[in-house]
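Following: one structure in structure tokens, then a few remarks.
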Amino acid sequence: MVFTGLGAGFFVLIVGGGIWWWRKLLRKRRMTNRKRKFFKRNGGLLLQQQLNTTQGRVEKTKLFSSRELEKATDNFNDNRVIGQGGQGTVYKGMLVDGRSVAVKKSNVVDEDKLQEFINEVIILSQINHRHVVKLLGCCLETEVPILVYEFIPNGNLFQHLHEEFDDYTALWGVRMRIAVDISGAFSYLHTAACSPIYHRDIKSTNILLDEKYRAKVSDFGTSRSVSIDHTHWTTVISGTVGYVDPEYYGSSHFTEKSDVYSFGVVLVELITGEKPVITLSETQEITGLADYFRLAMRENRLFEIIDARIRNDCKLEQVIAVANLALRCLKKTGKTRPDMREVSTALERICSAPEDFQVQIQIDEEDETTKLFRGYSGSTEIARSM
């Protein structure tokens with residue numbers, strides 16, 4: 001009887017263990033199939049195909065597991081959120097090797113967003129520049145695709161200019177260095193990358209600041225890589241109000257000069273501390289910062305619109321020089337704007353020019369202010385064609 005009871009108990013134990021093991025196996029298989037389904041739906045096969053066709057020109061992109069990123073972000077805890085926008089939510093995470101990362105989890109999955117996701121992976125895999133945020137990898141086995149970037153600790157430029165009072169970015173020298181950093185990055189994208197890359201969404205929220213307040217360009221979801229013999233990209237109008245090239249609005253042709261226009265708006269933000277779309281205090285009229293700036297320059301009111309936080313401590317000659325450069329970036333027609341290499345070179349020269357160089361003001365045919373900068377000796381012209 002005792003042996004019968006023990007046998008029965010042992011049998012029940014074996015059957016129970018078998019059922020538990022079988023359910024665990026089924027659960028694991030369902031989870032594997034689910035992850036495989038998500039991988040396919042999130043463009044994993046297409047991404048692999050794209051990476052294979054660009055083999056030799058891209059860095060190896062790490063595929064993170066969902067478990068790795070859940071652990072890194074404490075299961076995507078709300079307390080880890082460091083940014084939120086139309087494309088997704090960004091969490092601060094820490095990998096097992098101790099590296100801090102920014103984990104960008106998409107909000108929804110649709111065909112357009114999926115293409116942007118794949119495009120950003122491909123574009124960033126081709127870029128290696130100290131002022132462009134580095135993509136560490138991605139995760140495709142979750143319900144929505146996830147991108148993993150290096151962590152940039154000091155937020156974005158928009159926050160420092162328009163939302164937070166920050167003594168350090170209130171210094172003109174810091175703003176000047178930020179302008180030099182990002183112009184160098186865009187010059188690289190346009191002229192030195194494997195194929196020219198048009199960012200197509202240059203704005204202050206896409207300029208991140210590291211622990212030393214050095215700038216890094218981010219968000220390449222709408223960027224495009226074009227062949228060297230192409231001069232433009234024909235596309236549906238996209239971009240952020242206040243930054244979009246008016247010529248692009250009319251033609252649907254996005255060129256490298258469209259990026260130059262958007263960068264010009266960022267320069268004006270650095271000078272004025274104003275948002276890209278502003279409300280005039282006198283009339284309550286809403287206008288673009290570019291138009292507001294052009295009018296002030298035409299009426300010789302630059303000093304009035306300089307950000308009060310930098311007005312008393314800035315090098316006025318540098319501010320005037322940068323304002324003149326911004327004015328050229330904001331020309332109505334793209335062919336009259338400088339390219340990003342010229343812009344980058346001009347900013348570096350302005351930044352390193354002697355403090356006592358003189359400024360001569362002239363008015364051109366379009367009644368816009370053109371400022372010619374001459375060397376401190378009075379004989380060397382620095383930027384007749386900035």
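The values are calculated or read from the model by the stated rules, or taken from the named source; none is laboratory data. Keep in mind that what you see is a predicted model, and the values were worked out from it rather than measured. Neighbour counts run over all protein chains shown; Cβ positions are idealised from the backbone, glycine included.
For region 216-256, filtering for residues that are closer than 19 Å to THR191 by Cβ, hydrophobic (A, V, I, L, M, F, W, C) and at pLDDT 80 or above leaves 2.
Candidates LYS104, LYS113, LYS92: the one that is at pLDDT 90 or above and either assigned to a strand (DSSP E or B) or out of contact with any Lys or Arg (no Cβ under 6 Å at 6 or more places or on another chain) (or both) is LYS92. Close contacts from region 152-174, counting a first residue that is more than 18 Å from GLN318 (Cβ to Cβ) and a second that is of a type in the set (S, T, N, Q) and surrounded by 16 or more Cβ atoms within 10 Å (Cβ to Cβ), with Cβ to Cβ under 6 Å and a gap of 6+ residues or different chains, come to ASN156/THR205; LEU157/SER204; PHE158/SER204; PHE158/THR205; HIS160/THR169. Of TYR168, TYR213, all but one fail to be among the aromatic types (Phe, Trp, Tyr), out of contact with any Asp or Glu (no Cβ under 6 Å at 6 or more places or on another chain), at positive phi and modelled with pLDDT under 95; the exception is TYR213. Quick check: anything in region 253-264 of a type in the set (Val, Ile, Thr) and surrounded by 18 or more Cβ atoms within 10 Å (Cβ to Cβ)? Looking through region 253-264, at least one residue is of a type in the set (Val, Ile, Thr) and surrounded by 18 or more Cβ atoms within 10 Å (Cβ to Cβ).
Does region 271-283 contain any residue that is surrounded by fewer than 18 Cβ atoms within 10 Å (Cβ to Cβ), modelled with pLDDT of 90 or more and part of a strand (DSSP E or B)? Scanning region 271-283 turns up at least one residue that is surrounded by fewer than 18 Cβ atoms within 10 Å (Cβ to Cβ), modelled with pLDDT of 90 or more and part of a strand (DSSP E or B). Checking each residue in region 284-308 for being assigned to a helix (DSSP H, G or I) and among the hydroxyl-bearing types (Ser, Thr, Tyr) picks out only TYR292.
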